[in-house]
Amino acid sequence: MLIATLRWLLRLPGRLLAPLLGQLSWQPAPWQRWYGHGLRQRPWHYAGLPLLLVALVAAGWWWSQRPRPIDPEALTMHLEAPGLTRYLEEGPQVEPLILQFSGSAAPLAAVDGPASGVSLQPPLEGRWQWEGDDRLRFDPADDWPVGELLEVRLEKPIALGPKVRLVEEALVFKTAPFVATLSSAEFYQDPTDPSLKRGAYAVRFSHPVDVLDFERALSLQLRDGAARELPAPQVEVRYDERKLTAWVQSSPLQVPENGGQLQLQISASYGAQRGGPEQSEVLSGTVGLPSLYSVALYEMRTLIVDNERFEPEQVLWLRFNDRLRDRDVAEGLRVWLLPSINPEDKRKQNPYRWSQSEVSDAVLASSERLTLTALPSEDAFSEQHSFRFRADPGRRLYVEIDRGLRAFGGFLLGERQRQVQSVPDYPSLLRFVGDGAVLSLRGERRISVAARNVPGLALEVARIKPDQLQHLVQYNQGNFDGPSLYQPSVDSLSERFEHRVELSQADPARTDYQGIDLGEYFRPDRHGVFLLRLFEHDPADPVEADQRYPGEDYSGGQRWDGAKDARLVLLTDLGIVAKTQLDRTRQVFVMSLSQGTPVVGATVRAVGRNGESLHVVRTGSDGRADLPDLSEYRRERQAVMLTVSAGEDLSFLPLEDSGRRLQLSRFDIGGEVNTLDPGKLKAWLFSDRGLYRPGDELHVGMIVRASDWSRSLTGLPLEFELSDPRGTRVLRQRLSLDASGFMEQNYQPAWTAPTGTWEARLSLVAEDESRELLGTTTLQVRDFLPDRMRVKVAFEGAPAQGWLSPEAVAAQIRVENLFGTPAQDRRVSASLRLDPVWPSFSGYSDYRFHDPQRAKEGYDEALEDRRTDADGAVQWPLDLQRFDRATYQLRLLTQAFEAGGGRGVAAQAQVLVSSNPYLVGLKPEGDLSYLRRGAKMRVHALALGPSAQPIAVDGLQRVLIEKRHVSVLTQQDSGLYRYVSQQRLDERDRQPLAIAAAGDWLALTTEQPGDFVLEIR
């Protein structure tokens, strides 16, 4: 029954689909016939087989998905893929492949050595190297392949140490792919030929590019301003030496009159020279082509600019989008000074604010045409142009620039430019001149004021009352040269006077200097501290001093009342210097400013925030007064200043103002810091030579001092300790200090004593046997093997002073045994070094000698070994003519070796070598870094021969050269030309010169300003 049911269910889909799809014929497979036969014979046994199969598949899947057991001893690998190769001038610098293991993985014999059993797939030649025991490095023999997938394989029995297990045994990485980028696209115009115009592009590559494929991938498209396609120009390509940058240029363009664009298309059909995947991205860059009438005025401004004499000038400044010639702009530029009054203006403004629409031909006819002075620019063609003019501030200018001004490349200004500009006012200036805040009671009582473009000035003199000085110190928000009080106001602290001066305004650009006598405000009953403030004063509309105080702002403080400058003036003859001691006490020194002598009997007060006198002392015969520590006072009694009075004279010094502290930055104030404890001990330990051989007696000297050197330290219990390099204490000695404070301790080590660094320590022994370290020093004990030879080296014919000619330099080397007999048949090695030098000679240190053939680099060369002859000598010609002709310092290092061994002794010698028959030196009379125009200055010229003795030389030339920085046309790597600022040397004068044996004085030319160089050729 079960089988019949299953058979009916299996046949049901066929019966349903038969009318649509027709009859299907099917033959069962052998296993199906076997299973069907078994199912018919034993249905209950065979019916469970499909369920068993499903259960087995499910169990296998479950087993595969179980978390794997963690092997705690298995190592992980981290692969650092090689970066992009750096293609340097000296050759490509290939980055290595690094395998970093989480633990020790290398075989013991391979640590820091070559590795085996490691390979790459696909194979790549190179060298595997262990770095330590956990880092594996691969350096390819050549550059890495481009964009290739590589697999690292390890043969564990060979590549790794025994019992080393890995979490994973193979790693895959990909090398850097080939990438191209379009870095720039620009419209280029040749600086020398304005008709030569190109499109210029720069393409950069990650690897050296395949030149042929790259050039086949290039194409240009040219369209005009109406998007009409024009014949494409030719492509020109240049490369750098390493083929990492390509400069793509079009052939010279005929720019359409209506402009257009030039597009570069680079298809993705090129790659690196080494092969590999090609560039995956299509690159394109578009360059806009200007039209014929593309020149435009970007900006026009009227400015006030200080000239070289720091005088303000009115300047009209223009900026275009292209470079124009100064002369062309000046010819096409016209400027009118518009009338100050417009007859049609009902409000009768003066000056009237004209707008561009109001300016007609009739208005221009009644206007004044201004004369312009062109200010020179650095280049003949420039985007910026400046013109100096003179006009009354506040007036209006009408500026007109003609259409058709031609730029450097032939492009034209498309439209006539018309603008109305306002003449800026000269900046006003009102301030005190100079620094300083002290006026002597016995000196001139004048103060200088600089004023510009102001009708007058009002000087307010406010005398700070002596009982209010503490408020000035506390609430001053500026420095004491230019104080600034916010709250309380100056009116709360002082009594005021005012002095007014009317100034001429004939020339608003001129700075007027006024000297104001303040003597009338400084009477015997009016001295001390004064606050001076400057205000603008208009005689036509005077403002009373009482009206300047505008009330208080929302925070209760005084608003700014228009003061242009402020100066605190101390009218006194008392100078104060306060010095803070280590214990925070103060020594106050008072002196007379007029006489420079100490002031005796002056009263010194330390004043708190509330005005209370915290301490009052008087100066002694040396003008000094001592104050205790003031830091204990807090809040209302915090010390804020010192006041000094002598008779009717008064002076003060703020305590917390940084501007009153002495500046010590120009002085060396480093060193040991003093201590408050006068009995603080310190020891200095030293040895007689610091370096000893085993068995030599060690000598250690000791100096012990207290902070107060006057204290006696006789009988002070000390302890000396000496430790060897192993830390073993070899000597421990109790000492008693004598009156001198100097001691010596000696120690005789054994011949077998360890070598290395020995340490000596000196400690103070307290009553409870505790130790306080006072000082330490170290000594070096080293093994030495005595020399069994000695070597001497000298140059033949070398003068005590002077130089040798390169062709005449030969070294004489002599090797002797320890007893003075010749050391025969000994190997001698030598190396020479040539360093370019500025020659100098003893006795002529004030002269600067110049080598016209000075070399830029030196030379190092190892010479071929030689052997000593029967006399123990080696004759060594050096043949220096093969090097550049110049002046060098020759250093020859020689080493002679013992027979059949590697031990040797060394010696060196040096001499000046020059190919010049003479050298000329110059000695100036004074400093040449800055000379006034027309100043008299001389230099002394002297010629020295090879023996460093003065000689006469004729046939010379005296050449004066001017140094300037100019724009120089330079060809870039791309083949294009650019202007680059470079130093230029222009010859200004040349005269014949003969130098006598005693030398000659040469007068310098100082008529023209500039930087000059005097050369003797």
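Only the coordinates and a few stated rules stand behind these numbers; no lab work does. Computed from a predicted model, the values in this text were never measured in an experiment. Note: ideal-geometry Cβ built from the backbone for every residue, glycine included; neighbour counts use all protein chains shown.
Are there DSSP H segments in the chain that both extend 30 Å or more along their axis (alpha-carbon positions) and score a mean Kyte-Doolittle hydropathy of at least -0.5? List them, or say none. Each step should come with its number before you reach the end.
Numbers: long enough: none.
Going by DSSP H runs, there are no hits.
For the range 758-832, the list of chymotrypsin sites (Phe, Trp or Tyr not before Pro) that fall in a loop by DSSP and count at most 16 other C-beta atoms within 10 angstrom reads 784, 819.
Which order do the peptides 360-373, 284-297 come out in when sorted by mean C-beta neighbours inside 10 angstrom, highest first? Walk me through the numbers on the way to the answer.
Working: 360-373: 11.9, 284-297: 17.4.
In descending order of packing, they fall as 284-297, 360-373.
P(r) for the range 77-174, from all Cα pairs and a bin width of 10 Å, is 15, 50, 27, 7, 1 %, short bins first. Sorting the segments 603-615, 225-237 by their residues' average number of neighbouring beta-carbon atoms within 10 angstrom, most packed first, yields 603-615, 225-237. The Cβ shell under 15 Å around residue 269 holds other residues with a net charge of -4, Lys and Arg each +1, Asp and Glu each -1. Model label sites at residue 853 and residue 782, defined 7 Å from Cα along the beta-carbon direction, differ in position by 4.2 nm.
Taken along the Cα-to-beta-carbon direction at a fixed 7 Å, the label points for residue 595 and residue 319 span 6.5 nm. In the range 146-222, what trypsin sites (Lys or Arg not before Pro) fall in a loop by DSSP, with at most 13 other Cβ atoms inside 10 Å? Counting only loop positions with at most 13 other Cβ atoms within 10 Å, the trypsin sites (Lys or Arg not before Pro) in the range 146-222 are 163, 165.
For the chain, the pair-distance distribution built from all alpha carbon pairs, in bins 10 Å wide starting at 0, is 2, 6, 7, 7, 10, 14, 16, 15, 10, 5, 3, 3, 2, 0, 0 percent.
Less than 5 angstrom separates the built amide H of residue 615 from those of 606, all sequence-distant by 5 or more or on a different chain. Averaging over all projection directions, find the projected area of the Cα convex hull of the range 768-833 and quote it in nm² with one decimal place. Result: 11.0 nm². Sparsely packed loop sites in the range 855-910 (the GluC sites (Glu not before Pro) outside DSSP H, G, I, E and B with at most 14 other Cβ atoms within 10 Å) comprise 857.
Between residue 446 and residue 626, what FRET efficiency comes out of the Förster formula 1/(1 + (r/R0)^6) with R0 = 41 Å and r the beta carbon distance, rounded to 0.05? Provide the component values of the computation, followed by the final result.
Values: r = 38 Å, r/R0 = 0.93.
My answer for the efficiency is 0.60.
What FRET efficiency do you get for residue 682 and residue 584 if R0 is 30 Å and r is their Cβ-Cβ distance, rounded to the nearest 0.05? Before the final figure, lay out each step's value.
Values: r = 23 Å, r/R0 = 0.76.
Plugging the Cβ-Cβ distance into 1/(1 + (r/R0)^6) gives 0.85.
Given a Förster distance of 45 Å, report the FRET efficiency between residue 842 and residue 1011 from their Cβ-Cβ distance, rounded to the nearest 0.05. So, using R0 = 45 Å, E works out to roughly 0.90. Inter-label distance, residue 987 to residue 884: 2.2 nm, where each label sits 7 Å from its Cα along the C-beta direction. Principal axis extents of the C-alpha atoms in the range 121-233 (largest first, rounded to whole Å): 77, 30, 23. Using bins of 10 Å that start at zero, the share of Cα-Cα pairs per bin across the range 574-660 amounts to 18, 53, 26, 3, in whole %. Phi angles of the range 322-330 translate, via the Karplus equation with coefficients 6.51, -1.76, 1.60 and θ = phi - 60°, into HN-Hα couplings of 9, 8, 10, 7, 4, 5, 5, 5, 5 Hz per residue; Gly and Pro are given as x.
Mind grabbing the base-10 log of I(q)/I(0) for the range 789-914 at q = 0.10, 0.17, 0.22, 0.23 Å⁻¹? Debye formula, identical points on the C-alpha positions, no solvent, two decimal places. Relative scattering, expressed as log10 I(q)/I(0), comes to -0.36, -0.86, -1.21, -1.28.
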